[in-house]
Amino acid sequence: MKLFSRFTPLQIAIHLYAWSALAWIIFQWVTGTFSINPIQELEQRTGRHAITLLALSLTCTPINTIFKWTEPLKRRRTLGLYAFLYATVHVIIFADLDYGLAWSLIAETVLQKPYIIAGALTFLLLIPLALTSFDVWKKRLGKNWKRLHKLVYLIAPLAVLHFAWSKKGDLFSLSGDIIRPLIYGLVIGIFLLLRIPAIRKALASFSPRRLILLPRKSQQPKADAP
Ligand code: HEM
C-alpha cells in the first residue's frame, strides 16, 4: 500500500471527508433515492458541505496554537480549496439546474433576495483567496498575501448570514430552522476569535502541552549519582 504510506492519516481523513458529499450525491443519483425536491436538496447539501469545509479550514490555526501540532497548518489550503470547490458546485447547481442559465432571471433573483446577495458576495470574495492560495502567489504578494487572506474574517460571517437568511428564520425570536446556522455561527465566531493575534498569544502560553508535558530541563530532577 505505497499510496497510503505517502499520505498522513489527517490527509486521508480530509480527502475522504471532502469527497464523501459528492460520492453520496452520485450514489443517490444512480440509485434514484433523492427527495421529492432534488435540486433544493443538492443546493442545500453542497452549501452545507462548503461552509463546513470553510469552518474546518479555520480550525487549523487554533489547533496549532493550542496543541503545537503543525500538520493542520499544512492542510489549511486543501480545506479552503475544497470549500471553494463545493461553493462552485453549489453556484453551478443554482445557475444551471435551478435557473436553467436564464441570466436575466438569475440577476433579478439575486437583486430581490438578500440571502442570495450574501451568498454571491461570499462566493466572489472566495475567488481571490482560492486563486492566490498557491505558493507562487504567496511569494509574489509578500505581505499583501496575508492582508488579502484576512478576507476570511468577512467571508465566514457572510457565509453564516447567507445560511441563516436562506432558512427564512428569525434570529431574534429563534423561529424557523435557525438552530443549525446559529451553531455554525457560534463555532465559526469562536474560531475567528482564536485567530486574533492577542488571543492567540494568550492561548499559546496556556496551551495544554505546557501543562501536560514533562517539567522544563531546569526543573527536572537530577539523575541519582552513582
Ligand atoms: C452566487 C452564490 C450563491 C448562490 C446563488 C447561492 C444560492 C443558494 C440557494 C438557492 C440555497 C438554497 C436555499 C433553500 O432553498 O433552502 C442556498 C443555501 C445555502 N448556501 Fe448558498 N449560494 C451561494 C453561495 C454560497 C456560498 C459561497 C456558500 C458557502 C461557502 C453557501 C452556503 C450555503 C448554505 C450553508 C446553504 C444552506 C443549506 C441548508 O439549507 O442546509 N452558499 N444557497
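State yes or no: is LEU79 more than 8 Å from the ligand (Cβ to nearest atom), touching a Ser or Thr at 6+ places or on another chain (Cβ under 7 Å) and among the aliphatic types (A, V, I, L, M)? Judged against the criteria, LEU79 is a match. Would you say LEU158 is without any contact (Cβ under 8 Å) to a residue 60 or more places away in the chain and surrounded by 14 or more Cβ atoms within 10 Å (Cβ to Cβ)? Spelling it out, LEU158 is indeed without any contact (Cβ under 8 Å) to a residue 60 or more places away in the chain and surrounded by 14 or more Cβ atoms within 10 Å (Cβ to Cβ). Exactly one residue out of ALA87, ALA83, ALA118 is in contact with a His (Cβ under 7 Å, 6 or more places away or on another chain), of a type in the set (Gly, Ala, Ser) and within 21 Å of PRO157 (Cβ to Cβ), and it is ALA118. Does GLU43 satisfy the condition of being more than 16 Å from the ligand (Cβ to nearest atom), surrounded by 13 or more Cβ atoms within 10 Å (Cβ to Cβ) and at pLDDT 95 or above? Judged against the criteria, GLU43 is not a match.
Okay, residues lined up against (1) within 9 Å of the ligand (Cβ to nearest atom); (2) buried (at least 19 other Cβ atoms within 10 Å of the Cβ); (3) under 21 Å from LEU56 (Cβ atoms); (4) modelled with pLDDT of 95 or more:
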{"residue": "ILE116", "(1), (2), (3), (4)": "yes, no, no, yes"}
{"residue": "TRP137", "(1), (2), (3), (4)": "no, no, no, yes"}
{"residue": "ARG140", "(1), (2), (3), (4)": "no, no, no, yes"}
{"residue": "LEU148", "(1), (2), (3), (4)": "no, no, yes, yes"}
{"residue": "LEU171", "(1), (2), (3), (4)": "no, no, no, no"}
{"residue": "SER175", "(1), (2), (3), (4)": "no, no, no, no"}
{"residue": "ILE179", "(1), (2), (3), (4)": "no, no, yes, no"}
{"residue": "VAL187", "(1), (2), (3), (4)": "no, no, yes, yes"}
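Quick one: would you say HIS49 is under 23 Å from ILE116 (Cβ atoms) and surrounded by 12 or more Cβ atoms within 10 Å (Cβ to Cβ)? In short, yes.
Surrounded by fewer than 17 Cβ atoms within 10 Å (Cβ to Cβ), within 12 Å of the ligand (Cβ to nearest atom) and without any contact (Cβ under 8 Å) to a residue 40 or more places away in the chain, is that true of ALA102? Answer is no for this residue.
Output yes when any residue across the range 2-14 is surrounded by 11 or more Cβ atoms within 10 Å (Cβ to Cβ) and basic (Lys, Arg), and no when none is. Taking every residue of the range 2-14 in turn, none turns out to be surrounded by 11 or more Cβ atoms within 10 Å (Cβ to Cβ) and basic (Lys, Arg). PHE67 meets each of the listed conditions (1) surrounded by 17 or more Cβ atoms within 10 Å (Cβ to Cβ); (2) in contact (Cβ under 8 Å) with a residue 60 or more places away in the chain apart from (1). Scanning the range 67-76 for residues that are within 10 Å of the chain's Cα centre (by Cα), within 22 Å of LEU193 (Cβ to Cβ) and polar (S, T, N, Q) turns up nothing. In this entry, PHE123 passes the filter for residues that are within 11 Å of the ligand (Cβ to nearest atom), part of a helix (DSSP H, G or I), among the hydrophobic types (A, V, I, L, M, F, W, C) and buried (at least 16 other Cβ atoms within 10 Å of the Cβ). Take PRO128 and tell me if it is touching a Ser or Thr at 6+ places or on another chain (Cβ under 8 Å), part of a helix (DSSP H, G or I) and farther than 20 Å from ARG48 by Cβ. So PRO128 fails the test.
The values are calculated or read from the model by the stated rules, or taken from the named source; none is laboratory data. As the structure is a prediction and not an experimental result, all values here were calculated from the model. Cβ coordinates were reconstructed from backbone atoms using ideal geometry, including for glycine residues, and neighbour counts include every protein chain displayed.
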